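Q: Just passing along the structure, written as structure tokens.
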Amino acid sequence: MNFSEQAYIMNLAEATTTMQYLTFKLGEENFAIDVIKAQEILDFVAPTRVPQTPPFMLGVINLRGSVVPVIDLRCKFGMSEAERNRDSCIIVMEIDVDGEKTVVGTLVDSVQEVLDLDAENLEPPPRIGTRLKTEFIKSMGNIDGDFLIILDIDRVFSTDELVLIEDVLKQKED
């Protein structure tokens, strides 16, 4: 048993029998995050582009006086860009990297629902070898035969990427 499988089993053991997840779509794929990570869902607003940022960073928005970076999850995951439509929205969430909390907005194609999942409907993330990174996948949900990729949103972004985002926020506040 490798480290990620051990961590997964420990997470399941610590979990209550049912967890709540906010589900959303990127293309035809179904994703979810722990509902506790989501602060709010906003209709899409065009972010202000910030020069010299990575392609996945769309820019920043003003959220009640706070500067919030907006990340395109499709781009971050290497998916093709999608047309914005009435279902496109920004999930504002708080992520934790190395003990530091950061609020980010993530652009998704559409938000689906808040879903209750029992631990028995969750499976460990796939082991795909050493070339593909899957450490940001917390588990895989099985809902009526369809897979739901449950993200460990705190691990989607590297520390270096978050430092870059923090630097951009400091520049915008100055």
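The values are calculated or read from the model by the stated rules, or taken from the named source; none is laboratory data. These numbers come from a predicted model, not from an experiment. Here the Cβ is made from the backbone with ideal geometry for all residues, glycine too, and neighbour counts use every protein chain on show.
Q: Can Ser110 be described as surrounded by fewer than 18 Cβ atoms within 10 Å (Cβ to Cβ), among the hydroxyl-bearing types (Ser, Thr, Tyr) and within 26 Å of Asp144 (Cα to Cα)?
A: So Ser110 fits the description; yes.
Q: Sticking with this one: Which of the residues spanning the range 21-53 are exposed (fewer than 13 other Cβ atoms within 10 Å of the Cβ), touching a helix residue (DSSP H, G or I) at 6+ places or on another chain (Cβ under 9 Å) and in contact (Cβ under 8 Å) with a residue 40 or more places away in the chain?
A: Gly27
Q: Which fully enclosed strands (runs of 3 or more DSSP E) of the range 28-109 have 3 or more residues being at pLDDT below 90?
A: 89-97, 100-108
Q: Then there's this: Please determine, by comparing only the residues of the range 113-129 that are in contact with a helix residue (DSSP H, G or I) (Cβ under 6 Å, 6 or more places away or on another chain) and not in a strand (DSSP E or B), which one is surrounded by the fewest Cβ atoms within 10 Å (Cβ to Cβ).
A: Among them, the one singled out is Ala119.
Q: Quick one: count up the residues across the range 110-134 that are closer than 28 Å to Ala82 by Cβ, at pLDDT below 75 and not aliphatic (A, V, I, L, M).
A: Summing the residues that are closer than 28 Å to Ala82 by Cβ, at pLDDT below 75 and not aliphatic (A, V, I, L, M) in the range 110-134 gives 4.
Q: Restricting to the range 141-153, count the residues that are out of contact with any helix residue (DSSP H, G or I) (no Cβ under 8 Å at 6 or more places or on another chain) and crowded, with 17+ Cβ neighbours inside 10 Å.
A: Residues that pass the stated criteria total 5.
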